[in-house]
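Chemist: Have a look at this one before I ask anything.
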Amino acid sequence: MKKPIERTVIERLRASMRMAKVAEYRLGHDLGEKWAKRSAEASELQALEEFRDELEDQPQYDWDEFFEWDEPKVWGPDEDLFFAMHPEADKDRRAAEDFWECAAGDALRQSLYRGVFLKGFAEGAIAVWDSVQDKL
């Protein structure tokens, strides 16, 4: 009799996780749009788009996989996104931290699904860039 109950619990928790991830993506997307519209430099947005395109051209490690890190790495996707936009920062963790504090505030730090949030942020910013770059 535990099997049906267990299945119900699993289904409910999966749905809960999906909803939380959708909410994280939307929050990231909204903050990415806001950042792009209010304070981003054209060079940052262009570099972010080029980074996405570069990942999409790779056969084994694409844009979606970039945000799904399972293994410990030297840099997190938040830092890698910043370094893609700011190669001059020379892998300065403090500079990346300062950027995210200004661009996302507490939202990134409090995120349960950091990769989902960051993907939303990047795609929100790129959407703004895509809508204006040909008018510049």
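Chemist: Going residue by residue through the range 71-79, is there one that turns out to be touching a residue at least 12 places away in the same chain (Cβ under 8 Å), surrounded by fewer than 16 Cβ atoms within 10 Å (Cβ to Cβ) and not acidic (D, E)?
Modeler: Checked the range 71-79: at least one residue is touching a residue at least 12 places away in the same chain (Cβ under 8 Å), surrounded by fewer than 16 Cβ atoms within 10 Å (Cβ to Cβ) and not acidic (D, E).
Chemist: Still on this structure, please answer the following. Can you tell me how many residues within the range 22-57 are surrounded by fewer than 17 Cβ atoms within 10 Å (Cβ to Cβ) and closer than 19 Å to Q110 by Cα?
Modeler: Matching residues across the range 22-57 total 4.
Chemist: In the range 32-70, which residues are farther than 17 Å from L136 by Cβ and part of a loop (DSSP other than H, G, I, E, B)?
Modeler: Passing the criteria: D57, Q58, P59, Q60, Y61, D62, F67, E68, W69, D70.
Chemist: When you go through A127, A103 one by one, which is the residue that is crowded, with 16+ Cβ neighbours inside 10 Å, among the hydrophobic types (A, V, I, L, M, F, W, C) and touching a residue at least 24 places away in the same chain (Cβ under 8 Å)?
Modeler: Answer to the check: A103.
Residue-wise test of (1) among the hydrophobic types (A, V, I, L, M, F, W, C); (2) at pLDDT 95 or above; (3) out of contact with any helix residue (DSSP H, G or I) (no Cβ under 7 Å at 6 or more places or on another chain).
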site: D98; (1), (2), (3): no, yes, yes
site: D106; (1), (2), (3): no, no, yes
site: Q110; (1), (2), (3): no, no, yes
site: L118; (1), (2), (3): yes, yes, no
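Chemist: Still on this structure, please answer the following. For the range 87-119, give me each residue that is assigned to a loop (DSSP other than H, G, I, E, B) and touching a Lys or Arg at 6+ places or on another chain (Cβ under 6 Å).
Modeler: If the condition is that a residue be assigned to a loop (DSSP other than H, G, I, E, B) and touching a Lys or Arg at 6+ places or on another chain (Cβ under 6 Å), then Y113 is the only one that fits.
Chemist: Do we have A84 as touching a helix residue (DSSP H, G or I) at 6+ places or on another chain (Cβ under 6 Å), more than 18 Å from G28 (Cβ to Cβ) and either aliphatic (A, V, I, L, M) or not in a loop (DSSP other than H, G, I, E, B) (or both) here?
Modeler: no
The values are calculated or read from the model by the stated rules, or taken from the named source; none is laboratory data. Quantities reported herein were computed from a predicted structural model and do not represent experimental measurements. Glycine also receives a Cβ, built like all others from the backbone with ideal geometry; neighbour counts cover every protein chain displayed.
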